[in-house]
1. Most mobile of A:Lys90, A:Lys151, A:Lys66 per a Gaussian network model of chain A (Cα springs, under 10 Å)?
2. With every protein chain left in place, what is the accessible area per residue of the protein assembly as shown in square angstrom, probe 1.4 Å?
3. List the accessible area buried at the contact between B and A, summed over both sides and calculated with a 1.4 Å probe, in Å² to the nearest 100.
4. Which of the residues in the range A:107-128 show a loss of at least 10 Å² in accessible area from their chain by itself to the complete set of protein chains, at a probe of 1.4 Å?
5. By how many degrees, between 0 and 90 and to the nearest 10, does the Cα long axis of helix A:54-66 differ from the longest principal axis of chain A?
6. Residues of the range B:60-105 that become at least 30 Å² less accessible with every protein chain present than in their own chain isolated, using 1.4 Å: which are they?
7. Of the cross-linked pairs A:Lys162/B:Lys62; A:Lys12/B:Lys144; A:Lys62/A:Lys144, which ones have a Cα-Cα span greater than 31 Å in the structure shown?
8. Rounded to the nearest percent, how much of the accessible area of the protein assembly as shown (1.4 Å probe, protein heavy atoms only) is carbon and sulfur?
There are 2 protein chains.
Amino acid sequence: MRHTIAVIVENKSGVLTRIAGLFSRRSFNIDGLSVGATDNPEYSRMTITVEGDDEVLEQVIKQLSKLINVIRVTELVPAESVERELAVIKVTADKDSRSEIMQIVNIFRAKIIDVSARSMIIEVTGDEEKINAIVQLLRQFGIKEMARTGKVSMIRGARVIKA
Amino acid sequence: MRHTIAVIVENKSGVLTRIAGLFSRRSFNIDGLSVGATDNPEYSRMTITVEGDDEVLEQVIKQLSKLINVIRVTELVPAESVERELAVIKVTADKDSRSEIMQIVNIFRAKIIDVSARSMIIEVTGDEEKINAIVQLLRQFGIKEMARTGKVSMIRGARVIKA
């Protein structure tokens, strides 16, 4: 099963190495990972997506909480959370295909952030399924390059995950 | 100086640990990191943001290229690239403040992705400065929680970074 874990960490060198090491020693492959600032400059927030056995993962989460510089570990339940990912996609585009690509971009409420004579760069946010859907549609034009951020996830409503 | 490095890696357990270890042994603190799928399921793309001495970083980049499962390492030049980050921000919002928050959301072409009686969740993409600017404006209402993905960066035009 796919799991999403939010980890609040202190901004110290080495914390990412310890966290990544804990997953790789258990042969968990991290599918997606995002690490970014929180509203407190002392802490960063990681969102880790892993596929794996529920019981083993429960142990990993317990061990994570005990690591140095790890402040808080929370598993997010998809039904109670909003999940968003950012994808930046470079597609082959010339004067003949450009307007068709722009239609797809509009339908997905995506944005065009760069245009050249032979290419376009598209920015799109959404859950994994939405991003997979636009990628599938853009494939016919030729995807030259794609970068995705890994998702961030947040509990709906007023409840918070904080240091 | 701030540096942005794109790394194409094979989807193997342990590759993140080796990469993070290389930075922490040199006492480089990774400010931002995103790891996500590319258009080839065998490879992931990491975008690493680090602050540090140019010469030391040049050595780190050389060593990165030699790691197992690392396919390609490219430093991105800001002037030639588009940089985007995703932030998800939960703000305190009630019936009195909601419309003012919605004005700010519209100005920044952000999106409201959740509303409750006492809170709102806002999704916004942009470069670091744009996100810092909306965060600054939302602070007056009370930021309950924030998660940012770390940026992705792509060379403008038709030139590509690929496995």
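1. Of A:Lys90, A:Lys151, A:Lys66, the Gaussian network model singles out A:Lys66 as fluctuating most.
2. 44 Å²
3. Numbers: alone 9760 and 9740 Å², together 14410 Å².
Counting both chains, the buried surface is close to 5100 Å².
4. Listed by number, the residues meeting the 10 Å² cut-off are A:Arg109, A:Lys111, A:Ile113, A:Asp114, A:Ser116, A:Arg118, A:Ser119, A:Ile121, A:Glu123, A:Thr125.
5. Long axis of A:54-66 versus the principal axis of chain A: about 70 degrees.
6. B:Val82, B:Arg84, B:Leu86, B:Val88, B:Lys90
7. Flagged as over cut-off: A:Lys162/B:Lys62; A:Lys62/A:Lys144.
8. Details: 6990 of 14410 Å².
Accessible surface attributable to carbon and sulfur in the protein assembly as shown totals 49 percent.
The values are calculated or read from the model by the stated rules, or taken from the named source; none is laboratory data. Note that the structure is a prediction, hence the values are computed from the model and not measured. SASA here: full protein model, heavy atoms, side chains in, ligands and nucleic acids out. Shrake-Rupley method; radii C 1.70, N 1.55, O 1.52, S 1.80 Å.
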